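Inspection log for the structure reproduced underneath, given as structure tokens.
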Amino acid sequence: MLIHAAMIQTSSIDEVMRALADPTRRAVFERIASSDEINVAELTRTSGVTQGAVSQHLKSLKRAGLVVERPQGRNVFYRAKPEGLAPLFDWLSHYDAFWRERFANLRTLLKEIDP
Amino acid sequence: MNTAALQTRAQEIVVDEAFPHAPEAIWRTLTSGELMGRWLGMEPSGFEPVAGNRFTYRTTSAGEWDGTIQCEALDVIPNERFAYSWKGGHEGNAGYGAPLDTVVTFTLEKVEGGTRLRLVHSGFVLPRNDTAYRNMSGGWNKVVPRIGAMTGEHASS
């Protein structure tokens with residue numbers, strides 16, 4: 001059953017998916033991912049939204065484990081954490097496991113009904 | 001600003017295995033509601049093996065999704081090919097129970113001593129980030145081919 005998909009670390013997947021569901025936030029994440037490190041001011045300059053909005057997006061991305069921050073003096077630099085996308089692979093691989101299990105069941109059933 | 005690098009990409013699941021049974025026997029298990037219930041763990045409602053037929057499966061609910069999987073038989077070629085849409089989920093969910101708009105396709109091929117059964121469950125949309133994964137070991141670029149390799153390994157079992 002799809003129950004298996006529910007047993008994986010759903011909170012983490014939920015956060016990652018939610019974080020990336022918003023196109024602006026996705027663009028912010030991409031901007032971070034394409035730089036080594038970037039601060040809020042520069043993100044704001046290139047994202048077309050207010051600094052407050054950028055900060056909110058950063059908060060979600062941090063919570064989802066997609067970015068990490070490094071304070072330096074009065075500045076905070078952000079950097080992408082690609083490992084944060086890993087739960088999405090788990091999600092897909094659970095559907096993969098779902099069908100593999102079903103194939104095993106099918107093999108058993110066929111032995112029974114078509115010996 | 002590089003907006004093109006983060007895209008969504010449809011992913012598919014492939015399981016490909018040989019069974020020591022004739023295509024006709026396998027076809028029966030794929031297209032009889034009662035037999036489906038026995039191996040899939042979900043018995044369909046309103047199912048008939050006819051293209052255009054709409055049927056449902058019921059699985060575990062999540063949030064506002066009641067667990068109903070809406071299906072439509074797309075392609076029914078006896079002993080050869082059976083494809084149906086698999087839609088479910090709710091926008092209020094992320095992860096399990098998130099909206100799914102996918103297609104399940106079974107292809108049967110007669111081989112020596114039995115049948116090769118190939119399942120493709122396609123249409124999973126995942127965010128993709130090439131830039132973020134470029135330098136990452138065990139990341140997207142590694143995982144996806146690995147899924148492919150796994151299915152390849154199982155093909156002859």
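Derivation of every value follows stated rules applied to the coordinates shown; laboratory data play no part. Worth saying up front: this structure is predicted, and the values here are computed from it rather than measured. Every residue, glycine as well, gets a Cβ built from its backbone with ideal geometry; the counts of neighbours run over all protein chains shown.
Net charge in the neighbourhood of residue B:86 (other residues with Cβ under 15 Å of its Cβ; Lys, Arg +1, Asp, Glu -1) is -1. The slack between residue B:122 and residue B:60, meaning 0.36 nm per residue of separation minus the straight C-alpha distance, is 20.2 nm. In plain terms, the chain from residue A:37 to residue A:24 could stretch by 2.8 nm, reckoned as 0.36 nm per residue minus the Cα-Cα distance.
The mean of 1/r over all distinct Cα pairs in region B:8-126, once inverted, gives the Kirkwood hydrodynamic radius of 15.0 Å.
On the beta carbon distance between residue A:111 and residue B:107, with R0 = 25 Å, the FRET formula returns roughly 0.70.
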